[in-house]
Amino acid sequence: MEQFSTSSSESSDSSSEYSLEFYMDTSWVLDAANLVFFMQAGFGMLEAGMVRAKNTKSILLKNLINTAICAISYYCVGHSLAFGRVNPNSFVGFGNFFLMDYTHYAYWMIQWAYAATATTIATGAMAERLQLHCYILFTLVQTILIYPFVAHWIWSQNGWLFDLGIVDFAGGAVIHIVAGITGACGSFLLGPRIGRFNQESGKPKNLPGHSVVLMSLGAMILWYSWYGYTAGASLGMTRSRVLPASRVSVVVTLSGATGLITVLGIGKICNGHYDLVKGINGLIAGLVSSTSSCAYIEPWAAIIIGLVGGIVYWFSSWALLNWLRLDDPVDSTAIHLFGGCWSLISVAFFATHGRVRNPDIILPGGIFYGGGISLLWVQLVGMVLAILWAGFLSGIFFFTMDYFGKLRVDVDTELAGLDNSNHGGSAYIFD
Amino acid sequence: MEYLELNGTKEGLSAAVDDMWVLNATYLVFYMQAGFCMLEAGVVRAKNAKSIIMKSIIDTAIGSLLFWALGFGLAFGNADKASNPVIGTSHFFLINYENLSFFAFQWAFCATSITIVSGSLAERVHVTSCLVYTVVMSAFIYPLSAHWVWSYNGWLRLIGVNGIIDFSGSIVVHIVGGCIGLVGTYLVGPRIGRFDSESGKPKPLPGHSITIYTLGAFIIWYGFYGFNTGSTLGISGSGITIASRSAVTMTIIACASCATTLLAIKIKSGKYDVVKSVNSLLGGLVSSAAVCSLIDPWAAFIIGCVTSFVYLGGSHLLIKLRIDDPLDSSAIHLGCGIWGALSVGLFSTQDNLSLVLKRPTEVYGLFFGGGFEQLGVQLLGIIIVMAWCLFCASVLFIILKKFHMLRIEPTKELMGIDIDSAGGPAYQWDN
Amino acid sequence: MEYLELNGTKEGLSAAVDDMWVLNATYLVFYMQAGFCMLEAGVVRAKNAKSIIMKSIIDTAIGSLLFWALGFGLAFGNADKASNPVIGTSHFFLINYENLSFFAFQWAFCATSITIVSGSLAERVHVTSCLVYTVVMSAFIYPLSAHWVWSYNGWLRLIGVNGIIDFSGSIVVHIVGGCIGLVGTYLVGPRIGRFDSESGKPKPLPGHSITIYTLGAFIIWYGFYGFNTGSTLGISGSGITIASRSAVTMTIIACASCATTLLAIKIKSGKYDVVKSVNSLLGGLVSSAAVCSLIDPWAAFIIGCVTSFVYLGGSHLLIKLRIDDPLDSSAIHLGCGIWGALSVGLFSTQDNLSLVLKRPTEVYGLFFGGGFEQLGVQLLGIIIVMAWCLFCASVLFIILKKFHMLRIEPTKELMGIDIDSAGGPAYQWDN
């Protein structure tokens, strides 16, 4: 996304450092970063609601660790590799370690919040059976090795995918594909939770989470913070970015709502009742589906994107479970990996509005607007490369952990619940 | 609301600042959905928690889509400034509409109004009927009320010197929502066990989690800051002065109302009542919506104290009339909404009113010597809007009842809606 | 805080933008009430959840009313710039006061300070006594501390070259709240069963829901971005630069503190402890309040690591002294507050301090060669404010104890306060 890179150089170098425009744009970014951070609360509640009561504490702790460790490691190294401005090349950034000689703090804030989101999403897929120190190590690997490179390729103005003209407004590839694929690798190597598949028939068995109320609270918080997450990527409101930012808000609402309704409708048809849990996932899948494209499309396109996003979610969730036997307690692979892919691809079809920050640079119109398929190839290259990079590195990491027996908790612990064995008792005490 | 000019005509930085303000407020108002969802979930019994959340989420999703498609055009579709005073006629599907931040803000208001209704109908209504009234409300009932009261050529705006004044929706949002909810809950009848079948005495059916309930109330309070201060539609000119005043008076009204109820109940029954105090807090927020920008802080204190008794009286009256409103939604939103709208005619000062209307006016609050006219106009407006809602809602719910789509069967009600139509309970404490 | 000039002198759009920033921050700080409410509710036992929520609501509602009526005048009533350094004397009930956004911001700070106390007194105190200390705190204790430290003619501001520096309330909000809570919890005595009656060994009384607890912490963290960055009182001039820096350093402090505690406990006891980690996180936020705008990111990391040990030490000390503080409020708010205020004298750099004070200064952090003076001033301020709070709180709570209004009877304590004085339990799982 061109917005990020130009902003970091432009706003700190230009003479308008102390103009009202600069104040406003920075405050917009800070507010948005704050909202993106609040997604940690959203994902925390969502994931806590989706696991069983005996593992609640461990999932909450995991989210806390993600946020904290990610902040430290992103501050030390991650941001430099992604957006460091001393001697960057097209593959990786360099310089400004420990935020030395770096003053664009607001930009760091929102990038940190994005990076933390990517980690939290990924670890959701491994809930209820991963050892806790593995979470810590994975957070380090994710924020130092995996995420910054993809962010650099796509969002930094030196990145090679950026040079190719990839369009990813708020992180369909950078955040959701990376998070989805790393989570999937981890979840696959961990194997399913005990009891998830019937031992004889091999049929999947539902292991429902302990609280739908928490789950929906989490989803609503996510919906709220999604406005900061997407509209904040405009990195400001001045210089005719008002209209794009407003349109982003409208588009996000529409695609999320459509995703929810689609999945509820499919559930009603297939299972005979409205499935709230799936519906909530559909809502998030709808939101994810428009992350790459939200600044570039018309509101009506958001409806189509949300609709397809909901369908993609439903069927990928089903296929992952029944064909791949992937046990993803919070469905984050189906939502974020497949939703992220669809979001990246859909830009090539529906894009019609120009760049947000530089309206002069005309974006090639989407296929439906007669823009040809060149953009589609670029998007596909970006998608495949992000998947390969993140999948390969996380695969190696989890494989190594598995080799040393540090990956999965033992059977007794898993049956008793992580909380009782590792965290000094249950999360709930009602008497 | 539209008393302040729309920002379509403004240019440059101040337009950007104004839109940024409106967008931030919009996000907050959307976040109120999370608050209502938690509020309603906490106050129903555990066996119905999932279905009420489902309704709450469906409201938002379907309502948003319909308001985008039809509602907004009927409410604010004033292309060429030539639409008639009863109904708007253009900009359906946002065609040819550029002021997207204004649209998004109105959108969030509509979603709020709809979600009020589901509280009144909790624990005994088909999910499908919720779909139906959401469609009718967002596409028809709400937009017309909004057009009459808020659109600059709405016919209630043309009455008298100032026209009707409803700064941020005591009438349009809360009276409409509360009124439809009241009709619905009256026609559905009380929950099984709410009134003793022999003596007719009310029996409390306490909700399953006060914690979740309070969380919801706090989120609503937070969102209300966007609701009330965003209605300035900007901060340039006198916008920020009005917004600061609104934030302060609204807080005073809510706190005074809450404190009064707290002490009144303590004095009467010797106990502190959390639920009633929280409801009063919400009632205070509701009555502040119409009047917050027009009064001085001390008047806010008085309005708040009165609000408390309006709510308590309304709640008492509902029980007298054997109407079972699980959330006291009609007492809160209809009762306090009426009081808030009336207090405009009583307490608004000449200075503040002139500032909001952007022209000097000689007609203002009765208590400040502004005469009876404004009070009369407010009263008329309230009656008209209530009559409209009562009529539409009666027709709607009677039809639904005729086709047995309104109330679920007694056995299912006793069992809980979740198990029947939402695929299992909301909580799973074991396994 | 008031180091940055008030916006009374500015004009036009940049004044509007500044007020907008303050208002948005105010909403966030008010939202912290939701966080504290959830935090406290989660950490008490289920039988006391309702009453702690009740107290939280009373704090907010009554405290806000009194701060409006009296407190603000005592704290910031500096009409004619002639009020004395000990106490403000005008603008009671907001009479003749126009800068409403500043008022609202201060209001939210006062509410935060009060709500800290109820955590220390949880599970064994009459709801009525909560009313009493709320009144005294918001009308008297808090406003005077705020006047001394924050008002431009407060006497602690006139000491030394820079005067005392408390950017956003480590002293005024957190030390005051923590100190009063400590006195209260000491005079009330431990909960029944907290210390073994024979051996005197502490026995854990775990809270009923870690989920709600963590949710609360995340909401507080979210709100803290308003708390700290809003204290610039605007974004024009150097405001936004300071605000961005504050956001970054505060994040690093909180995360470093959380991570350190997590690992320290893991190394010592072999387990990961959610509650202590969350508390350290909060401790980090608290210590960031005074210092966040004055330091470089690497110093933030060090401050965060030390914060962790300050909290753990404080918590350990409380148990040693047989003081039962259910939320560890005094360790968090008093302990980490003191450390945060002191670290201003240790770590603040000349550049940042000059920027915040808006004039060059030769006295700054000890570690940067700024001499001992600032450290001495901070220490003096902390001692004065603590002495003031200890004195007032002792008088208050001893009087309450004398009239048997402080602690509830043992039987009721064992049964839970909810059933006795809040009309039933907070949760109803059956029916």
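The values are calculated or read from the model by the stated rules, or taken from the named source; none is laboratory data. What you see is a predicted model, and the numbers here were worked out from it, not measured in a lab. Here Cβ is always computed from backbone atoms with ideal geometry, including for glycine, and neighbour counts include all displayed protein chains. With ligands, DNA and RNA removed, areas are computed over all heavy atoms of the protein, side chains included. Shrake-Rupley method; radii C 1.70, N 1.55, O 1.52, S 1.80 Å.
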Review point. Taking GluC sites (Glu not before Pro) that fall in a DSSP loop and have at most 10 other Cβ atoms within 10 Å as cut points, what is the longest piece of chain C between them?
Key: C:199-431
Exercise for review: Could you check how much of the accessible area of the stretch C:136-176 is carbon and sulfur, as a whole percent, using a 1.4 Å probe?
Suggested key: 79 percent
Revision key, fill the gap. With all protein chains present and a 1.4 Å probe, the order of A:ILE177, A:ILE303 from largest accessible area down is A:ILE303, A:ILE177
Exercise for review: Could you work out, residue by residue across A:29-41, how many beta carbons of other chains sit within 10 Å of that residue's beta carbon, and then give the average as an integer?
Suggested key: 6
Study note, to complete from the structure: Per residue, accessible area of chain B with a 1.4 Å probe, heavy atoms of protein chains only, in Å², comes to 29 Å²
Review point. Hey, got the dipole for the protein assembly as shown? About the Cα centre, +1 on K and R Cβ, -1 on D and E Cβ, debye to the nearest 20?
Key: 2640 debye
Review point. Which percent of the accessible area of the stretch A:313-393 is formed by carbon and sulfur heavy atoms (probe 1.4 angstrom)?
Key: 75 percent
Review point. In nm, what does the list of distances from B:LYS402 to its counterparts in the other copies look like, shortest first, when each label sits 7 Å along Cα to Cβ?
Key: 7.4
Exercise for review: Return the distance in nm (one decimal) between the two label points of a simple spin-label model at A:SER374 and B:PHE391, each offset 7 Å from Cα along Cα→Cβ.
Suggested key: 6.0 nm
Practice item. Check each residue of the stretch A:87-106 and keep those whose accessible area, probe 1.4 Å, is at least 30 Å² smaller with all protein chains in place than in the chain alone; give them in order of residue number. Key: A:TYR105
Exercise for review: Calculate, in whole percent, how much of the Cα-Cα pair population of the stretch B:276-333 lies beyond 19 Å.
Suggested key: 29 percent
Study note, to complete from the structure: For chain C, the helices passing both cut-offs (Cα extent along own axis of 20 Å or more, Kyte-Doolittle mean at least 0.0, full DSSP H runs) are C:12-43, C:49-66, C:100-120, C:210-229, C:239-269, C:274-291, C:297-320, C:373-402
Study note, to complete from the structure: One decimal, nm, nearest first: from B:GLU362 to the same residue in each other copy, label points 7 Å out along Cα→Cβ, the values are 6.8
Check your understanding: Spin-label point model (7 Å from Cα, Cβ direction): what's the B:ILE383 to C:GLU362 distance in nm?
Key -> 7.8 nm
Check your understanding: Relative to the isolated chain, which residues of the stretch C:12-51 have their accessible area cut by 40 Å² or more in the presence of all protein chains (1.4 Å probe, heavy atoms, no ligands or nucleic acids)?
Key -> C:LEU13, C:ALA16, C:VAL17, C:MET20, C:TRP21, C:LEU23, C:ASN24, C:TYR27, C:PHE30, C:TYR31, C:MET38, C:LYS50
Review point. In terms of the Cα gyration tensor, with a ≥ b ≥ c the square roots of its eigenvalues, is the stretch C:17-81 rounded because a/c is under 1.5, prolate because a/b exceeds b/c, or oblate?
Key: oblate
Point to revise | Inter-label distance, nm, simple model (7 Å from Cα along the C-beta direction), A:PHE392/C:LYS201 | key: 5.6 nm
Exercise for review: Indicate the gyration tensor shape class of the stretch B:153-246 (rounded, prolate or oblate), computed on the Cα atoms with a ≥ b ≥ c the square roots of the eigenvalues: a/c under 1.5 is rounded; otherwise a/b larger than b/c is prolate and the rest oblate.
Suggested key: oblate
Point to revise | Accessible area of the stretch A:23-99 divided out per residue, in Å², using a probe of 1.4 angstrom | key: 18 Å²
**Study point:** Area accessible to solvent at B:CYS389, 1.4 Å probe radius, in Å²
**Key:** 0 Å²
Check your understanding: Taking square-rooted eigenvalues a ≥ b ≥ c of the alpha carbon gyration tensor, is chain B rounded, prolate or oblate, where a/c under 1.5 means rounded and, failing that, a/b exceeding b/c means prolate?
Key -> prolate
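Taking the Cβ-Cβ separation of B:GLU409 and A:THR413 as r and a Förster radius of 56 Å, what is the calculated FRET efficiency to the nearest 0.05?
E between B:GLU409 and A:THR413, to the nearest 0.05, is 0.80.
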Review point. Measuring with a 1.4 Å probe in the full set of protein chains, what accessible area per residue, in whole Å², belongs to the stretch A:117-261?
Key: 20 Å²
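In Å², nearest 100, what accessible area do chains C and A bury in total when the solvent probe is 1.4 Å?
Summing both sides, the interface buries roughly 4400 Å².
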Point to revise | Accessible area buried at the C-B interface, both sides summed, 1.4 Å probe (Å², nearest 100) | key: 4400 Å²
Point to revise | Mean ellipticity per residue at 222 nm, deg cm²/dmol - from DSSP H runs of n ≥ 4 across chain A, formula -39500 (n - 2.57) | key: -20000 deg cm²/dmol
Check your understanding: Heavy-atom accessible area of B:LEU321 with all protein chains present, probe 1.4 Å, nearest 10 Å²?
Key -> 100 Å²
Study note, to complete from the structure: Taking protein heavy atoms only, a 1.4 Å probe, and rounding to whole percent, the accessible area of the stretch B:30-115 owed to carbon and sulfur comes out at 64 percent
Practice item. Find, to one decimal place in angstroms, the Kirkwood hydrodynamic radius of the protein assembly as shown, where the mean of 1/r is taken over every pair of different Cα atoms and then inverted. Key: 30.4 Å
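Calculate the FRET efficiency for B:PHE372 and B:LYS402 from the Cβ-Cβ distance with a Förster distance of 41 Å, rounded to the nearest 0.05.
Approximately 0.40, to the nearest 0.05.
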**Study point:** Gaussian network model of chain B, springs between alpha carbon atoms under 10 Å - residue of B:LEU263, B:LEU327, B:LEU346 with greatest fluctuation
**Key:** B:LEU263
Point to revise | On Cα atoms only, tilt of A:178-190 relative to the major axis of chain A in degrees | key: 20 degrees
Check your understanding: the stretch B:22-37 to the stretch A:230-279: how many Å between their Cα centroids?
Key -> 14 Å
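What's the local net charge at B:ASP196, with K and R +1, D and E -1, over the other residues with C-beta under 13 Å away?
Details: positive: B:ARG191, B:ARG194, B:LYS201, B:LYS203, B:ARG322; negative: B:GLU198, B:ASP324.
Summing Lys and Arg as +1 and Asp and Glu as -1 gives +3.
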Study note, to complete from the structure: Taking alpha-carbon centroids only, the stretch B:370-431 lies from the stretch C:108-180 a number of Å equal to 45 Å
Exercise for review: Would you calculate, for chain C, the mean residue ellipticity at 222 nm contributed by helices, counting each DSSP H stretch of 4 or more residues as -39,500 (n - 2.57) and dividing by all residues, to the nearest 500?
Suggested key: -20000 deg cm²/dmol
Point to revise | Shielded by partner chains, the stretch C:87-118 residues - at least 40 Å² of accessible area, 1.4 Å probe, vs chain alone | key: C:LEU100, C:TRP107
Check your understanding: To the nearest Å, what is the center-to-center distance of the stretch A:102-151 and the stretch B:251-276, using C-alpha atoms only?
Key -> 46 Å
Check your understanding: When each copy gets a label point 7 Å from Cα toward the beta-carbon at C:PRO85, what are the spacings between them in nm, shortest first?
Key -> 6.5
**Study point:** With all protein chains modelled, accessible area of B:ASP273 [1.4 Å, Å²]
**Key:** 50 Å²
Study note, to complete from the structure: Across C:GLY381, C:GLY239, C:GLY12, the residue with the highest GNM fluctuation in chain C (Cα network, 10 Å cutoff) is C:GLY12
